[in-house]
Structure formats: C-alpha cells, structure tokens
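The values are calculated or read from the model by the stated rules, or taken from the named source; none is laboratory data. Since this is a predicted model, take the numbers as computed values, not measurements. As a convention, Cβ positions derive from the backbone with ideal geometry for all residues, glycine included, and neighbour counts pool all protein chains shown. Note: accessible area is taken over every heavy atom of the protein model, side chains too, but ligands, DNA and RNA are not part of it. Shrake-Rupley method; radii C 1.70, N 1.55, O 1.52, S 1.80 Å.
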Amino acid sequence: MTARRISPAGEAVLAFLVPGSAQLRAGRRLIGGIAVAVWLLLWLALLVIVVVFVASPATGFGLAANSSWLSVASAVALVLAALWFVLGGFTVQLLVRRRRMTGAALGRRIAVVAATVVATLVSGGIPLAAAGALHTVAQTETRLFVGSPDVTLSDGRLNILLLGTDAGPDREGRRTDSISVVSVDAATGRVVLVGLPRELQQVPLPEDSPLRADYPSGVYDCGNDCQLGFLFQRTEQFTPEEFPDALAQHSSPGVEAVRDAAEGALGMVIPYYLQVDMLGFSALIDEVGGVELDVSERLPIDGDENGVGVAGYIEPGTQRMNGTTALWYARSRQSTSDFDRMSRQRELEQALLEQKSPLSLGLAFARVTERDPGVVGTDLTEGALGRLLALASAARDQPVTTLELTPPAVDPQNPDYAAVRGMVAAALG
C-alpha cells in the first residue's frame, strides 16, 4: 500500500512537526523510524521534567544544579541538533529530486525548499543553542561550586554570608565593602537579610575560632583599628596561616575570619559564603537587564567625599538602573553616612531577589563568571545551590525581610550583642 500523496508544502510542514516522517514516506524506514522514536522520547522526557518540577521542585532544581546531569543533557541536545540537521538535509534532498517543474510550479517548489531549509536551521538550532547554554552552566557549576549533593542547614535555615568586595584595577588588595547574611527558611523559603556595618567593633568570636590566638579574650577588640570591615584585609595580609585549610575548602583566610566574626556577632552558624566584587556585581545587573529602584535623594556618580570629579547624579524618583548606576547608588558616600550607604546596598540586594527569577539570576551569574571567574568566590555545594533555587522559586511572592544592625538600634562602637542576637532571632521568627 503506497503512502497517500501530499503536496510538497504539506510534506515540508509534516517533516518539521514530526521529524522523520518524510523519510518514512520515502521508504527509508530505518532512519525515519529512529527519528520518530527519538522525537517521541524527547516529548516524553520533557513531560517527565515538567512533572518532576511540579511535583518536587527540590528534586528538579537539584538536578538542574548538578553539573554531571547538565553535561549529559548538553551532550544529548548536541546529538539531537546533529540528527535534526541531517533529517532536514534529507528532506530538502527529497523535495529537490521530485519531477522537474517550470513556471509557477517551480517557483512554489523553490519557496517550499527555502522554507524547509529555514525550518531545519530553526529545529536544529534550538537544541544546538540549548547544548551551548547547558554546557556553559555545567562548566560554571564545576568551576565555582563544590561538587557535592550535601546541604548544611542551621536550625532549619540555609545561611549564607554575602561579601561585596572593592577589588578593582584602581585598588590595592581587597576590602569588604558590604557584609550581610542571607538566611532562608528551608520549609517556607522566606528570606531574611541581615546587614552588618563595617564599623562594628568588639565582636565576640566563636570558641573554636583561630582568631582567638590573636585575641585571647575571645573578642575581636583593639579599638578603632579592629572594625569588622578591616578584618578581611588584615587576615589576608598578616595572618593567613591561621586558616591553613581555607583554600582547600574553596574559601580564603579573609573569608573565614569574617565568617567567624559574623557567627559570633549574630549567634548563628553560617555554613556558606558568596563573595562578589564590585565589577562582577555591576556586570550581573547588566546581564539581568537592570534593576528598578525608588531613589529618595540625589546622589553623585563618581567623585570623592569632597565632590571632586563628580560625573553626574542619580536623581530622585523611580528609575531602572544599569550596572554602573546601581553600583554608584550602593557606593556613593558624598552627602550621606556610611549607614545610609549600607541601607542602599540592602535595598539593591532586596530588589534583585524580588524582581528577578532564580533562573534569570543563575544564567546571568553563569555568563558573568564565564567571562571573568575571578569576580566571584563561594563554597556553596551543588546540593545547597539546588535547594536554594527551589526555595527561591517557591517563595518569590513572599517579601524579603531586612534587618540593619545600625544606629539607633545598635551602636557599632559599643554594641550590646545580647540585644543584637535577640533582634536577629526575632527577624528570623
């Protein structure tokens, strides 16, 4: 029994919708059957992925954060792209070999062949682009995150130390310009941001902290020279040997010192850190298309505290900022206090978490670090990353709670750490 004859245009459409159908109709059953089977398996796999993400987001995001799975998916997408291109070439060949035509019929045939070529490029280009994106994300995860499925929680929360550093081509060394802790409830996904001022002094240290070798009283205290903001650079330059295992643990002596101080100040365990320098932060905002903020006062762009070298101003009102403008919004010091600047930094972090999806932030993060891996450092495991993405996706509609440990609630020069820990406990709920 012969296959029912259809027009070249209909055959081209059918070949696009069901890859392999043109080969089956032409009697090439082996390659046509394989193509149709792969096409059906692909739709089945997509259905399974959707069901997994709906039924168990933690499992779905866990797989998405697993570099091995992503590498396999990238390879499969690459094979699909090659198969789709080959099938498209066969379909074009079948159309060209039809009986010779002239006039209007020939024109229609050329149009159908051209449309088939475009359809082939589209159908093969989609999995090819997907293969490239999956490979990039897999490489980023391998390079940045610890390849482990383990997730460490503290009192049912996922706690991460966030460090914004001011490393750059015009600066010597690296200093912590922004210090905060993001705490995510592992059951509800509710996010609390706790901001620690750089001027914080007399910080109590955990009992097992190596810093106690320099501060046997158990308190990081030597007057104004022992502000929290100085600890990172001081440890990196003068006492890195106190944290000999830092590099092996995907960290650094400076990070470990600040983590110890943050744990002592807040009375919480912080298993993970994420460090981003100012260039990476600016690039991340550009990658996600900017961020919208409500500016309450006029702020200078560039320039020093005396107003010398100001390149422009950020005007009051709601506006969408690119990376450079957002960075100056977070760092501008002229006419405002350091605590005001700290509050703006938290506004920016909160806006990113509330306005951008975990997927868009993750992909932007991958692109930024692919260009310059040095702008980011973290000891997050792939398991913790997957859990974090799942929680962030599930709790996107929940507002982010912020707690600033600044005056008048907290006196950075003479803080009451019992009160500080009470404020943190209340914010965490």
task: Pull up all non-local amide H partners of Tyr313: gap of 5 or more, or a different chain, and H-to-H distance under 5 Å with H placed in the peptide plane.
output: Ile301
field: Cα gyration tensor shape for region 131-212, rounded if a/c is under 1.5, else prolate or oblate
entry: oblate
message: So if I take the centroid of the Cα atoms in region 178-235 and the same for region 328-366, what is the distance between those two points in Å?
response: 21 Å
task: Would you work out if region 261-373 is rounded, prolate or oblate? Take a ≥ b ≥ c from the square roots of the eigenvalues of the alpha-carbon gyration tensor; rounded if a/c is under 1.5, else prolate when a/b is larger than b/c, oblate otherwise.
output: oblate
task: Take the alpha-carbon centre of region 245-315, take the same for region 15-36, and report the distance between them in whole Å.
output: 55 Å
- request: Would you work out if region 207-281 is rounded, prolate or oblate? Take a ≥ b ≥ c from the square roots of the eigenvalues of the alpha-carbon gyration tensor; rounded if a/c is under 1.5, else prolate when a/b is larger than b/c, oblate otherwise.
  value: rounded
- line: Rounded to a whole %, the carbon-and-sulfur portion of the accessible area of the chain at a 1.4 Å probe is 60 percent
message: Taking the full set of protein chains and a 1.4 angstrom probe, give the accessible area of Thr325 in square angstrom, rounded to the nearest 10.
response: 30 Å²
- request: Arrange the residues Thr406, Thr324 by how much accessible surface each exposes, largest first, with a 1.4 angstrom probe.
  value: Thr324, Thr406
message: Counting heavy atoms of the protein chains only and a 1.4 Å probe, report the per residue accessible area for the chain as a whole number of Å².
response: 49 Å²
- request: Could you pull out every residue, at least 5 positions away or on a different chain, whose amide H is within less than 5 Å of the one on Tyr220? Hs are placed 1.01 Å off N in the peptide plane, and Pro or chain starts have none.
  value: Val203, Leu205
query: Among bridges DSSP assigns within the chain, what percent are antiparallel (round to 5)?
result: 70 percent
message: Order Asp379, Asp338, Asp411 by their accessible area, 1.4 angstrom probe, all chains in place, largest first.
response: Asp411, Asp338, Asp379
- prompt: By accessible area of protein heavy atoms, probe 1.4 Å, what ranking do Arg28, Arg344, Arg198, Arg298 get, highest first?
  reply: Arg298, Arg28, Arg198, Arg344
- prompt: Where Lys and Arg each count +1 and Asp and Glu each count -1, what net charge lies around Val146 among other residues with Cβ under 9 Å from its Cβ?
  reply: -3
message: Let me check I've understood the local charge: for Arg396, count other residues with C-beta under 10 angstrom from its C-beta, Lys and Arg +1, Asp and Glu -1. What total comes out?
response: -1
task: Quickly work out the Val86-to-Glu315 label distance, labels modelled 7 Å from Cα along the C-beta direction, and quote it in nm with one decimal.
output: 6.1 nm
field: Distant-in-sequence amide H partners of Leu200 (H built 1.01 Å from N, under 5 Å)
entry: Leu228, Gly229
task: Determine the relative contact order of the chain: mean sequence separation of Cα pairs under 8 Å and six or more apart, normalised by residue count, in whole percent.
output: 19 percent
- line: Ranked output for segments 265-278, 221-234 by mean other Cβ atoms within 10 Å, highest leading, reads 265-278, 221-234
task: Can you tell me how much longer the chain between Ala129 and Thr188 gets when fully stretched, taken as 0.36 nm per residue apart minus their C-alpha distance, in nm with one decimal?
output: 17.8 nm
query: For region 154-163, in order, what is each residue's ³J(HN,Hα) by Karplus, 6.51 cos²θ - 1.76 cosθ + 1.60 with θ = phi - 60°, in whole Hz (x at glycine and Pro)?
result: 10, 6, x, 10, 9, 9, 9, 7, 9, 10
- line: For the Ala418, Ser337 Cβ pair and Förster radius 25 Å, calculated FRET efficiency rounded to 0.05 is 0.45
task: Just add up the charged neighbours of Phe61: K/R +1, D/E -1, any other residue whose Cβ is under 15 Å from the Cβ of Phe61.
output: 0
